[in-house]
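Written out below as structure tokens is the structure these notes cover.
The values are calculated or read from the model by the stated rules, or taken from the named source; none is laboratory data. Keep in mind that this is a model prediction, so the values were computed, not measured. Neighbour counts are summed over all protein chains in view; Cβ atoms, including those assigned to glycine, are modelled from backbone coordinates with ideal geometry. The area values use the complete protein model at the heavy-atom level, side chains included, leaving out ligands, DNA and RNA. Shrake-Rupley method; radii C 1.70, N 1.55, O 1.52, S 1.80 Å.
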Amino acid sequence: MLTYIALVVSTVVMLAVMLYCRKYCEISLVKTIIIAPILMLAGVECDHLMNYIEQGYWSGMSFYGSVLFLPIVFILVALILRVPYGRMMDMLAIAACPTLALMKLNCFLNGCCYGFVLKEYEDGLTIRFPSQIVELINGVILMFVLLHILKKGNRKGEIYPLFMIIYGTTRFILNFFRGDLRGFLWIIPQGHLWSLISVIIGIIWITVVKERRSNKDSCEVLN
């Protein structure tokens with residue numbers, strides 16, 4: 001029940017963020033309203049898919065599914081709605097941050113994604129590192145950082161890969177404070193693996209965007 005409430009609240013907050021960002025991304029009001037529920041539904045299913053990859057069952061959710069798989073899903077959405085892909089992903093990166101934050105609140109209430117033990121008393125009381133709250137704060141801070149970069153207007157098409165790089169880096173660090181680490185193929189904790197993949201994809205993506213922009217500017221100068 002708490003998960004569904006978190007999803008509803010996340011959808012409302014996400015839409016509000018998208019409506020604020022759309023003017024900087026030059027996306028119409030109607031298309032923004034259409035994109036919002038697609039983002040939430042696709043995000044949930046991407047999280048289920050990642051959980052299936054990690055655990056072998058569909059019912060759970062792993063938030064890195066949204067980070068890694070949404071860029072693939074929204075290639076088709078951009079083509080159907082005739083929206084510039086890079087600018088749409090700029091908007092979605094910022095909208096995804098409060099959703100990640102609110103879902104961490106849901107984790108806190110459900111008692112999952114907990115931190116490692118800081119102190120354990122003889123009466124059974126255990127104090128853990130508040131990893132869910134720290135990751136929630138991380139999501140909120142990331143949203144404002146990306147929003148500031150978006151408003152400056154000189155990183156068009158680069159916000160989502162920046163999101164992947166920054167989120168991947170911070171999650172990699174915060175993962176050391178988790179008390180529920182699960183290994184992938186018994187080699188590396190899953191959170192660390194997806195964080196590294198996120199950073200690598202983000203770096204490649206942003207390099208390609210910069211290269212294309214440089215080539216475009218060169219052509220304009222020659223013409």
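Between Val134 and Ile72, what FRET efficiency comes out of the Förster formula 1/(1 + (r/R0)^6) with R0 = 25 Å and r the beta carbon distance, rounded to 0.05? Computed FRET efficiency for Ile72 and Val134: 0.30. With R₀ fixed at 30 Å, the C-beta to C-beta distance from Val117 to Ile173 puts the FRET efficiency at about 0.95. Toward the positive end of the charge dipole of the chain, with +1 on the Cβ of Lys and Arg and -1 on the Cβ of Asp and Glu, the farthest Cα among Phe129, Pro189, Ala16 is that of Ala16. Using C-alpha pairs below 8 Å separated by at least 6 residues, the relative contact order for the stretch 91-170 is 34 percent. Placing unit charges on the Cβ atoms only, positive for Lys and Arg and negative for Asp and Glu, gives the chain a dipole magnitude near 820 debye about its Cα centre.
For Met61, the solvent-accessible surface computed with a 1.4 Å probe is close to 60 Å², ligands and nucleic acids excluded. Helical content of the chain, expressed as a calculated mean residue ellipticity at 222 nm, amounts to -26000 deg cm²/dmol (DSSP H runs of 4 or more residues, -39,500 (n - 2.57) each, divided by residue number, nearest 500).
FRET efficiency for the Arg212 to Leu125 pair, using the beta carbon distance and R₀ = 35 Å, is estimated at 0.05. For the chain, with equal point scatterers placed on the C-alpha atoms only and solvent neglected, what are the log10 I(q)/I(0) values from the Debye formula at q = 0.09, 0.16, 0.17 1/Å, to two decimals? With one equal scatterer per Cα and no solvent, log10 I(q)/I(0) is -0.39, -1.13, -1.26.
Report in % the part of the accessible area of the chain that belongs to carbon and sulfur, leaving out ligands and nucleic acids; probe 1.4 Å. Carbon and sulfur together cover 70 percent of it.
List every residue whose amide H lies under 5 Å from the amide H of Gly115, counting only residues 5 or more places away in sequence or on a different chain, with H placed 1.01 Å from N in the peptide plane. Residues meeting the amide H criterion: Phe129, Ser131, Gln132, Gly179. Springs join every pair of Cα atoms under 10 Å in this Gaussian network model of the chain, and among Cys112, Cys97, Cys25 the largest mean-square fluctuation is at Cys112. For the pair Val12 and Leu196, label points projected 7 Å from Cα toward Cβ lie 4.2 nm apart.
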